[in-house]
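Everything below concerns the one structure shown next.
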Amino acid sequence: MQRVVRGGVVACIGFAVALGLVYLVRAVDRLGEAVDANAAANYDDREFAGGNSVVVDKRALYQARAFIPKDGRYRVVAGRRVEGATELTEPFIEHFARYFLMPRRPSVDADWILCYGCDPAGLDGAATLVWENGAGISILRASR
Amino acid sequence: MTVRALCGLAAFNLVLLAVGAASLAALRGWRSWYELARSAGLAYMLGVALVGVVLSIELALGVPFSFAGVVLTCALLALAAAALRRSLARWRPEPPPERARGIGLVSVAFGLLVVVYLEALFRAARLSGLSAFDAWAFWVPKAKAIYFFGGLDEQFFRELPNPSYPPLVPALEAAAFHFMGSADAVTLHVQFWFLACGFVAAVAGLLAPRVPAVMLWPCLLLVLVAPRVVGRNLDPQADFILDYFFALAALLVALWLVGREPWLLATATVFMAAAVMTKRDGQLLVACVVVAGAVASRRSWRFAWPRLGLAAAVAIAALVPWHIWFSTRDLAGDLPAAGALALFDDLDRGWPAFESAISAVFDYDLWLIIVPLVGVAVVLAFLAGARTLPTYALTLYVLVIVGLTWVLWSFTELELPFVQDEAVNPLVRLSASLVIAAGAILPLLLDAAWRGSDDVVLEEP
């Protein structure tokens, strides 16, 4: 029995060595591809990363960072009027903006409005246009 | 993405190593510089676990979170460990002697391969963007909220997804941000590279004097190069850090079952506490470790069970402040919306849930043949006459698979059969725990099978 068991142990180690070496090469290749992709990306691409599949125009969130003070509040109003929107844009832009714009706080009655394909006419009260990209995204400031 | 951020991160990890080394000195002590160097990985991971748990408790208690606060916490932990070392010196048994074995050819060869892997992993981490959905949807935003607002900001912790997840990972990430000097989500990936290195060093350091290098390194390498591990272990979220804590706790309990050295269980307790503070899944995994330990030690239950019970109680107690924090704010809890026992209302979900769990654990494209190898090693160890280790490993793996099944069965919002894309599949994430643990458990089992005995032999000088 001991021979059988030890044979089994040797076989297990053999499998582990063989698979480990084959997949080590693949892992290093795969990581190398990731390194190349990371190196080829510019600063914006790296900063947005997962948000690239959600955000249509990166300038809008950069402008929001520039206009809205760090202790300010904002709200995201999403709609379907954004040119080039993906299927992830409308459901997830608010999530990504929350990550990207922190420490600015989201708030339902905030003065700053990030209109992401919304209908400005449908917003409560008057709002001043601060910035727009001409393709359905704008930053507005509510007049109180 | 700057050199300053990298240097800050390196400093943070040196601080974690220092705290862990002081703590390990208190719990175990060491006889030589060789032992100290060999234990550096375990010391580092212990530092991560301890600092993470204490920062999480401080957050839940409302202690302001700042750079000075993190440094002070680490300093106090190191001082407390030094005081504990002095007061325990009288009672703590001398660590068993270990011979500084020469580093053999196998260790050098496989060590170099692991270094090649870790070097490639570092380069991938260095400029990696934050792509993982959960990472940017809530893990890193929680860390940023702690960093910017100096605590558990109620608005963000209420509005972000999974508000009841414990704050250990966000706390560690926020501390890393402080050391980096900004909320640099790109350089943050390097923190997870440090954790991967620490885990490898911890397992190698613990097992090197106990099992032959030819059993240790191939198993460890196989786990590291599994496709899902390669693709996901740098994501700045809780999955892999939970797996590291679980695997180290499982390994230390296994070693305690056959060696009975008190420091092993004490150190495992810290990792169990860290696991339950990392993710709610950690509670399930820790319960599996404790029950598996109890089953494997049933013949000496008078000795083992009270100690295991105490370890579990301490680990769960660490969670209490956080539990009070989120339950007093009426945030969503940890259990299935329909209740923990709602599965009995949906008996038809049982088998599909089990099938889905099994297919996740045994998926070759994700995990190669790692779990089947553990199964074979368990059988071989039983055939060879070992009892404690194979019983422990078998119980642990069966319990975790039962736990996976329970998750799918009880959370009725999950459709069955569960075929969600692996990138966002919670079942795949949970099954990683068994794979990562295999890197630590498999060499022990193979060694027990080879020798036909559970007794772990530390080489005598």
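The values are calculated or read from the model by the stated rules, or taken from the named source; none is laboratory data. Remember, predicted model here, so these are calculated numbers, not experimental data. Note that we place each Cβ from the backbone using ideal geometry, even for glycine, and neighbour counts take in every protein chain shown.
Some observations on this one:
- Count of the range B:176-222 residues which are under 22 Å from the mean Cα position of the chain (by Cα) and under 30 Å from B:TRP450 (Cα atoms): 24
- Count of the range A:25-45 residues which are within 22 Å of B:VAL229 (Cα to Cα) and either surrounded by 15 or more Cβ atoms within 10 Å (Cβ to Cβ) or in contact (Cβ under 8 Å) with a residue 60 or more places away in the chain (or both): 7
- Given (1) away from every other protein chain (no Cβ under 14 Å); (2) over 21 Å from A:VAL28 (Cβ atoms), index of the condition B:VAL211 fails: (1)
- Qualifying residue in the range B:156-169 (condition: of a type in the set (A, V, I, L, M, F, W, C), surrounded by fewer than 23 Cβ atoms within 10 Å (Cβ to Cβ), without any contact (Cβ under 8 Å) to a residue 60 or more places away in the chain and outside any helix (DSSP H, G or I)): yes
- When the range B:174-206 is filtered for residues that are assigned to a helix (DSSP H, G or I) and within 13 Å of chain A (Cβ to nearest Cβ), the ones remaining, listed by number, are B:ALA174, B:PHE177, B:LEU188, B:HIS189, B:VAL190, B:TRP193, B:ALA196.
- Test for A:ALA85: is it modelled with pLDDT under 95, surrounded by 16 or more Cβ atoms within 10 Å (Cβ to Cβ), touching a Phe, Trp or Tyr at 6+ places or on another chain (Cβ under 6 Å) and more than 8 Å from every other protein chain (Cβ to nearest Cβ): no
Yes/no per residue for (1) at pLDDT 95 or above; (2) away from chain A (no Cβ under 14 Å); (3) part of a helix (DSSP H, G or I):
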| residue | (1), (2), (3) |
| --- | --- |
| B:VAL378 | yes, no, yes |
| B:LEU389 | yes, no, yes |
| B:LEU427 | no, yes, yes |
| B:ALA432 | no, yes, yes |
| B:ALA437 | yes, yes, yes |
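- Residues (within 30 Å of B:GLY259 (Cα to Cα) and facing chain A (nearest Cβ under 9 Å)) located in the range B:358-376: B:ILE369, B:ILE370, B:LEU373, B:VAL376
- For the residues B:GLU355, B:GLU413, the requirement of being away from every other protein chain (no Cβ under 11 Å), charged (D, E, K, R) and not in a helix (DSSP H, G or I) singles out B:GLU413.
- When the criteria are applied in full, A:VAL77 fails the requirement of being more than 9 Å from chain B (Cβ to nearest Cβ), under 20 Å from B:GLY129 (Cβ atoms) and in contact (Cβ under 8 Å) with a residue 12 or more places away in the chain.
- Subset of the range B:225-234 (residues that are surrounded by 24 or more Cβ atoms within 10 Å (Cβ to Cβ) and assigned to a helix (DSSP H, G or I)): B:VAL229
- For the range B:275-285, the condition of being part of a helix (DSSP H, G or I) and over 15 Å from the mean Cα position of the chain (by Cα) holds for none of the residues.
- In the range A:5-52, the residues that are of a type in the set (Val, Ile, Thr) and more than 7 Å from every other protein chain (Cβ to nearest Cβ): A:VAL10, A:VAL22, A:VAL25
- If you go through the range B:119-148 and pick out every residue that is part of a helix (DSSP H, G or I), closer than 17 Å to B:SER182 by Cβ and within 7 Å of another protein chain (Cβ to nearest Cβ), you end up with 6.
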